[in-house]
Amino acid sequence: MNLTAVFEQVEGGYVAWIEELDGVATQGATIEQARENLLDALAETLEARRELARRTQQGNAILSRETLPFGGFHAAA
């Protein structure tokens with residue numbers, strides 16, 4: 001599975017966001033900087049959502065927590 005990074009040129013630089021994930025957005029002076037910032041924003045968003053989920057699940061009987069590789073999945077075009 002691949003995520004779609006969208007870049008839009010605006011006055012003073014670029015804005016960027018992940019098409020499939022609401023709330024993952026950033027900006028940069030160059031497209032390269034916007035791309036780097038977008039990867040950082042994605043990592044920070046996933047970590048924040050993971051932490052929020054764990055706080056929400058406290059006290060529940062979690063049977064397992066494991067890494068789910070998604071490299072073999074293909075999103076519809």
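The values are calculated or read from the model by the stated rules, or taken from the named source; none is laboratory data. Every value quoted in this text rests on a predicted model; they were computed, and no experiment measured them. Positions of Cβ are backbone-derived with ideal geometry, glycine not excepted, and every protein chain shown enters the neighbour counts.
See the values below:
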| read-out | value |
| --- | --- |
| Pairs with Cβ under 9 Å, 6+ apart, first in the range 18-41 and of a type outside the set (A, V, I, L, M), second assigned to a loop (DSSP other than H, G, I, E, B) and modelled with pLDDT of 95 or more | 19/4; 20/4; 27/12 |
| Among (1) within 14 Å of the chain's Cα centre (by Cα); (2) in a loop (DSSP other than H, G, I, E, B); (3) exposed (fewer than 15 other Cβ atoms within 10 Å of the Cβ), the one test that residue 21 misses | (3) |
| Residues that are at pLDDT 80 or above and exposed (fewer than 10 other Cβ atoms within 10 Å of the Cβ), drawn from the range 29-59 | 55, 56 |
| Scan of the range 1-12 for residues that are farther than 19 Å from residue 49 by Cβ and either surrounded by 15 or more Cβ atoms within 10 Å (Cβ to Cβ) or touching a residue at least 24 places away in the same chain (Cβ under 8 Å) (or both), ordered by number | 2, 7 |
